[in-house]
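Peer 1: Dropping the structure in here first, questions after.
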Amino acid sequence: MLGTSQEVGASGKWDTIGNPAAINLVSGAISQGRVSHAYLFVGPNRVGKRTLALDFARALNCNAADVAAPGWAELAPEVPCGQCSACDRISRSNFADVQVITSATQTSKDADTEAAKRRVMIGIDLIKDLQSDALLQPYEGKVKVFIIDDANRMSPDAANALLKTLEEPPENVHIFLTSPAVELLPETIVSRCHLVRLRSVPREVIAEALASRFDLDSDEAQVLAKMSMGAPGWAIAAIDDPSLLDARRQSSARILDVFGFDLADRFDYSAQMARQFRSDRGLALDELARWLEIVRDIAMIQNGLSQHVVFDDRMEELDRLSQALTVDDVALAASVIEKTRDALMVNAYPQLAFDGMMLELPGLG
């Protein structure tokens, strides 16, 4: 990970792009010596929740300052330094006292079983492992940090088990959770965490970060920033894998076609999306995000703001839809897509969710 966050007063090296208020919140907690035992980072997919959690973990374990020293408040703005062994190894996922827990971690534990391939939840076994490890003293760092990424995907048993640890946290242990929304977690979990909200990052901030950190020319950085729709994580991934940009454009073309489909073809598309969701939840949710972006583009054109269209390579089709659909149609489409996404996030049956979306979406008549 490269670069710094120039938007905040802290001079430490933060990998997080944008969201200065969130960075200042966690940096301020360190400088004031008031770091909570548990934090919940909430925001859109790929906006930087996990990155900020890792930044926080680096700051807490950074060798540039000793947390227990009297001068910590003065030194805190210099961390994470980004250069010491702790900062470097945490960034490379090679630090014993900082662990990231995901549903992929659960799958890897039982990779030989067919059930593991279908698992999308963070199971209780992982939380039990966390609890056992949390009782041990830090091995090489100042504190232990457990990051539960997409904590909304914990099973009910796992969430109940974690609650016990949040109620009586061991000393020198911090638990960071990430989730797209507060509502996707039990209130008992949320109430025991310090909430940190992240917002979509302005296009110009993403473009500037991409150009400076990855040595991109201005035009390329602007294209990726625009296509990212405020999610710098997607733009960074697209640098490493240019096929993501092509896939996004193909997705937009497919979605534009669906508006003109008859009901039989819409149900075929629904079945494809349900299969996609079962095999790769993330890709299916990404396609729903594209749906919202397309609807947004149509609304931009209807309101005379064509310069803000993301998929400007499909301008002719978008313009046709903006004339064929009413303003109410576009508002309905956005509502239906959001309802489908929210239902899937709380484990609705995929086929029914997508079928319902196809039935409710306005068409071209």
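Peer 1: Please give every one of the aspartates and glutamates within straight-line cross-link reach of residue 226, meaning a C-alpha to C-alpha distance under 13 Å, and leave out same-chain neighbours fewer than 8 residues apart.
Peer 2: Straight-line reach from residue 226, under 13 Å: 204, 208, 293, 297, 312, 313.
Peer 1: Give the range of the longest stretch in the chain that excludes all GluC sites (Glu not before Pro) found in loop regions by DSSP and having at most 15 other beta-carbon atoms within 10 Å.
Peer 2: On the way: sites that count: 140, 171.
Answer - 172-365.
Peer 1: Sticking with this one: Grab the alpha carbons of the chain, take their convex hull, and tell me the volume per residue in Å³.
Peer 2: Considering the Cα atoms of the chain, their hull volume per residue is 142 Å³.
Peer 1: Also: Taking H as built 1.01 Å from N, whose amide H comes closer than 5 Å to the amide H of residue 177, not counting residues under 5 places away?
Peer 2: 39, 40, 41, 148
Peer 1: Output the 0 to 90 degree angle, nearest 10, between the alpha-carbon long axis of helix 243-258 and the longest principal axis computed from the alpha carbons of the chain.
Peer 2: The answer is roughly 40 degrees.
Peer 1: In what sequence, highest mean first, do 148-156, 96-104 appear when ranked by Cβ atoms within 10 angstrom?
Peer 2: In descending order of packing, they fall as 148-156, 96-104.
Peer 1: So what's the back-of-envelope 222 nm ellipticity for the chain, counting only DSSP H runs of four-plus at -39500 (n - 2.57) apiece and dividing by all residues, rounded to 500? Working shown, then result.
Peer 2: Values: 18 runs with 202 residues, N = 365.
Value at 222 nm, helices only: -17000 deg cm²/dmol.
Computed from the coordinates by the stated procedures, all read-outs in this text should not be read as laboratory data. Remember, it's a predicted structure, so these values are computed and weren't measured experimentally. Neighbour counts run over all protein chains shown; Cβ positions are idealised from the backbone, glycine included.
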